[in-house]
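Notes for the one structure printed next.
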Amino acid sequence: MHPVEQNLEAVRASIRAAAVRAGRDPATVRLVAVSKTHPAEFVRIASDAGQPAFGESRAQEALEKIPLLPSGIEWHFIGHLQTNKIRRLLPHFALFHSVDSADLARQIDRIAGECGLHPRVLLEVNVSGENTKFGFGPEEIRAALPALLVLPHLRVAGLMTMAPYSEDPESARPVFAALRNLRDEMEQHAGSPLPELSMGMSGDYATAVAEGATIVRVGSAIFGERPGAPVEG
Ligand SMILES: *Cc1c(COP(=O)(O)O)cnc(C)c1O
């Protein structure tokens, strides 16, 4: 068995276990396998092993990789989205995880309208207030959400966050709990369902599942360490 298959099985098993421990139905947690920096061949191996959804965070890399792979793969864009890439990315992605400003949301809506598309998106929240990260602040999103929910072409499906990097998965728990609470509050307030919570990566996905994640984004635990350089963007 290829290591990617083995890792995938292990990650799936520990997602299931975390869900069961939390009293959740494991079927309510989706795994997005983050394939950024890894070759199309690894995606194919995981796809052949039954993994349906993959995440990419760099536009250029994604646009090169996607045509090499079966058309049935479900692609998720998880990186910071540059305005000049929206038009080319829109047709390929089932979900955009990281809409990090009201301005970006409006741009996507406008371009989607021109293309006749209705992209599903998540709003990225910078819960921890780390100023190096992209995303809405909690106050900012409370103020911005009502206007974003009525954009005609955008379908806002929920929230996404990244916890600050730490060796200790428990340190992410308050961040994940805060995102879930914010989602619950905004659902009430806006009267509109926000079912998806995209949170948890290789180091902390079990904690995220315990705190209500509906999507976890796991890269290195499946595909191995990424070669060199920055991992985001
Ligand atoms: C790279 C990346 C991940 C996956 O990170 P791992 O630690 O390798 O699991 C998840 N989410 C986002 C937004 C990323 O950029």
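Evaluate the charge dipole of region 3-223 about its Cα centre and quote only its size in Debye, nearest 20, assuming +1 on the Cβ of each Lys and Arg and -1 on the Cβ of each Asp and Glu. Don't skip to the answer; put the middle values down first.
Details: 22 positive and 26 negative charges, 88 e Å.
Dipole of region 3-223, to the nearest 20 debye: 420 debye.
Which of these, Phe42, Phe96, Phe54, has the largest mean-square fluctuation under a Gaussian network model of the chain (Cα springs below 10 Å)?
Of Phe42, Phe96, Phe54, the most mobile in the Gaussian network model is Phe42.
On the protein heavy atoms, probe 1.4 angstrom, tell me the percent of accessible surface of the chain carried by carbon and sulfur.
On the way: 5560 of 10480 Å².
C and S atoms contribute 53 percent here.
Express the relative contact order of region 3-223 as a whole percentage, based on alpha carbon pairs under 8 Å and six or more residues apart in sequence.
Working: 404 pairs, mean separation 48.0, N = 221.
Answer for region 3-223 is 22 percent.
Among Lys36, Lys85, Lys65, which one moves the most in a GNM of the chain with springs linking Cα atoms closer than 10 Å?
So, out of Lys36, Lys85, Lys65, the one fluctuating most is Lys85.
With unit charges on the beta carbon (Lys/Arg positive, Asp/Glu negative), name the residue among Ala53, Val11, Ser101 whose Cα is farthest towards the positive pole of the charge dipole of region 3-223.
The listed residue farthest towards the positive side: Ala53.
Using only the Cα atoms, what convex hull volume per residue in Å³ does the chain have? Walk me through the intermediate numbers first.
Numbers: hull volume 28.5 nm³, N = 233.
Per residue, the Cα convex hull of the chain comes to 122 Å³.
What order do you get for 211-217, 176-182 when each peptide is scored by the mean count of other beta carbon atoms within 10 Å, highest first? Working shown, then result.
Working: 211-217: 23.7, 176-182: 18.7.
Answer by packing, highest mean first, reads 211-217, 176-182.
State in Å² the accessible area per residue of region 129-178; use a 1.4 Å probe, count heavy atoms of protein chains only, and round to the nearest integer. Numbers along the way, then the final one.
Working: 2640 Å² over 50 residues.
Per-residue value: 53 Å².
Alpha carbon centre of region 181-231 versus region 46-113: separation in Å?
Between the Cα centre of region 181-231 and that of region 46-113, the gap is 17 Å.
The values are calculated or read from the model by the stated rules, or taken from the named source; none is laboratory data. From a predicted model like this one, the values you see are computed outputs, not experimental measurements. So basically every Cβ, Gly included, is an ideal-geometry build from the backbone, and we count neighbours across all protein chains shown. Calculation scope for accessible area: heavy atoms of the full protein, side chains included, ligands and nucleic acids excluded. Shrake-Rupley method; radii C 1.70, N 1.55, O 1.52, S 1.80 Å.
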